[in-house]
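Heads up: the structure comes next, in structure tokens.
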Amino acid sequence: MDRPLTIEQGGNRFGRALRENRLWIALIFALVEGVLVLLGEIPWWSVVLVAIAAVALYVAGGRNAGREEVREASWILAVSQVAVVLVPALALVLTVFAVVALVLLAVVALVVLLRDRR
């Protein structure tokens, strides 16, 4: 079933471009900033403070802003900062999975070597 087409009033080309690409823009910013956090170039606690401020800015005024560019930019800022807060936790989870996989591989290798009867 097709969705009905809606025409948004008051937008311009830049606002529409931000809206269409806002998730990709937010994820690119989060990726770059997340790498800087993991490398220790940006302290994690400062990222948490910026994320709190960005979400507060979006909730307080960004989502109800009259201009589409302001709404989309505040959403992009809030999402990217919250995603950056999650990067160290995701890195920890992936590290744990890698260690577990390595240990399991070592156990399998040990079993194979001990079962060799030559």
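The values are calculated or read from the model by the stated rules, or taken from the named source; none is laboratory data. Predicted model, so just to flag it, every value in this text is computed and none were measured. Here the Cβ positions follow ideal geometry from the backbone for every residue, glycine too, while neighbour counts run over all protein chains shown.
Data for the structure
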read-out	value
All positions within the range 29-48 that are small (Gly, Ala, Ser), more than 16 Å from Ala73 (Cα to Cα) and either assigned to a loop (DSSP other than H, G, I, E, B) or within 14 Å of the chain's Cα centre (by Cα) (or both)	Gly34, Gly40
The lone exception for Tyr58 - which of (1) without any contact (Cβ under 8 Å) to a residue 40 or more places away in the chain; (2) among the aromatic types (Phe, Trp, Tyr); (3) surrounded by fewer than 16 Cβ atoms within 10 Å (Cβ to Cβ) it fails	(3)
Yes/no for Ala51 being in contact with a helix residue (DSSP H, G or I) (Cβ under 9 Å, 6 or more places away or on another chain), assigned to a helix (DSSP H, G or I) and at pLDDT 90 or above	yes
Identity of the residue in the range 62-118, charged (D, E, K, R) and part of a helix (DSSP H, G or I), that ends up nearest to the chain's Cα centre (by Cα)	Glu72
Those residues of the range 54-66 which are in contact with a helix residue (DSSP H, G or I) (Cβ under 7 Å, 6 or more places away or on another chain) and more than 14 Å from Val79 (Cβ to Cβ), in sequence order	Ala65
Set Ile52, Ile42, Ile76, Ile25: member being buried (at least 16 other Cβ atoms within 10 Å of the Cβ) and without any contact (Cβ under 8 Å) to a residue 12 or more places away in the chain	Ile42
